[in-house]
Amino acid sequence: MTVMLASSSPARSTAGFGAVGSWITATLRPAGTFGRDDAGRLRGLLDVLSANASMVVIDLESARVRSGRLAAAIEHAAEELECRGGCLVCVNADPVTRALLAAAGHHLVIVDQVPEPPAASASA
């Protein structure tokens, strides 16, 4: 799992997300199949990120969620972020993962992968 943190400016936290204009985005790129046994590990990481980041993006292109408990951990982090004015976004979810995340609640945003437009063919 890759974790990337980005900020547009140095954080000068006083409360909540910090100074006006300060924004931190964390991107997770898990790989593999994740089930019930992985829920605690993911929840621990998301607890830290949702308490400190403005936005968390989970790119699921190389991962498969196969547990309602794991989806609930993601939903819980989304709710925590939303309460603080932030957002959790899941992108590139396969159909089973998407269904589990949607069933877990309504706080996280699920974005489908946008297909690449077909290449223009050269006409003679």
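Per-structure values
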| read-out | value |
| --- | --- |
| The listed residue being hydrophobic (A, V, I, L, M, F, W, C), out of contact with any His (no Cβ under 7 Å at 6 or more places or on another chain) and surrounded by 12 or more Cβ atoms within 10 Å (Cβ to Cβ), out of 72, 78 | 72 |
| For residue 51: the one exception among (1) at pLDDT below 95; (2) farther than 14 Å from residue 25 by Cα; (3) not aromatic (Phe, Trp, Tyr) | (2) |
| In the range 73-104, the residues that are under 19 Å from residue 47 (Cα atoms), under 14 Å from the mean Cα position of the chain (by Cα) and assigned to a loop (DSSP other than H, G, I, E, B) | 86 |
| Residue in the range 56-72 that is nearest to residue 22 (Cα to Cα), counting only those that are of a type outside the set (Gly, Ala, Ser) and part of a loop (DSSP other than H, G, I, E, B) | 60 |
| Tabulated pairs, the range 111-124, first of a type in the set (A, V, I, L, M, F, W, C), second at pLDDT 75 or above and not in a loop (DSSP other than H, G, I, E, B), C-beta under 8 angstrom, 6+ apart or interchain | 111/89; 111/90; 111/91 |
| Residue list for the range 22-33, filter: under 12 Å from the mean Cα position of the chain (by Cα) and surrounded by fewer than 20 Cβ atoms within 10 Å (Cβ to Cβ) | 25, 27, 29 |
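Yes/no matrix, rows are residues, columns are (1) β-branched (Val, Ile, Thr); (2) under 19 Å from residue 23 (Cβ atoms); (3) surrounded by fewer than 17 Cβ atoms within 10 Å (Cβ to Cβ); (4) free of Cβ contacts under 8 Å to residues at least 12 places away in the same chain:
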| site | (1), (2), (3), (4) |
| --- | --- |
| 35 | no, no, yes, no |
| 84 | no, yes, yes, no |
| 92 | no, no, no, no |
| 96 | yes, no, yes, no |
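The values are calculated or read from the model by the stated rules, or taken from the named source; none is laboratory data. It should be emphasised that the depicted structure is a prediction, and the values quoted were computed from it without experimental measurement. Positions of Cβ are backbone-derived with ideal geometry, glycine not excepted, and every protein chain shown enters the neighbour counts.
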